[in-house]
Amino acid sequence: MFGKKKQKLRKEYDEHLLDTIDLAAAQWEHAKQTQRAVREEDSELIAQTMLEGAKYAFLYLEARRRKVHGHVQSSIIEH
């Protein structure tokens, strides 16, 4: 009775997390491409790229902590 709703909510939020990770990865990739395309980098552009990377890393680690499996790509993270 109580377990089914909990599992349904967890699955729903796991899917939302995966969608958010995909969006964050795309935004990070866009920020990196923009940074490469601009001739004169400024501190704001570098900070924006770092922020997008940090968002992606946080969401990725949250998915790992929750043991969410799906279409998450670990090859995007650069150490």
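Each residue, His30 and Gln48, gets one label point 7 Å from its Cα in the Cβ direction; the gap between the two is 1.0 nm.
Could you tell me which of the pairs Lys4/Lys55; Lys4/Lys67; Lys8/Lys55 are separated by over 24 angstrom between their Cα atoms in the structure shown? In this structure, Lys4/Lys55; Lys8/Lys55 lie more than 24 Å apart at Cα. Across the options Ile21, Ser43, Leu61, the greatest Cα extent toward the positive end of the charge dipole of segment 7-66 (unit charges at beta carbon of Lys, Arg, Asp, Glu) belongs to Leu61.
For segment 15-70, the Cβ-based charge dipole about the Cα centre amounts to some 360 debye (Lys, Arg positive; Asp, Glu negative; other atoms uncharged). The label point for Arg10 and the one for Arg64, both projected 7 Å from the Cα toward the Cβ, are 2.1 nm apart. Applying a DSSP loop filter and a limit of 15 other Cβ atoms within 10 Å to the trypsin sites (Lys or Arg not before Pro) in segment 17-76 leaves Arg39, Lys67.
Every read-out reported here was derived from the displayed coordinates using simple, explicitly stated rules and does not represent laboratory data. Note that the coordinates shown come from a computational prediction; the quantities given were computed from them, not determined experimentally. Note that we place each Cβ from the backbone using ideal geometry, even for glycine, and neighbour counts take in every protein chain shown.
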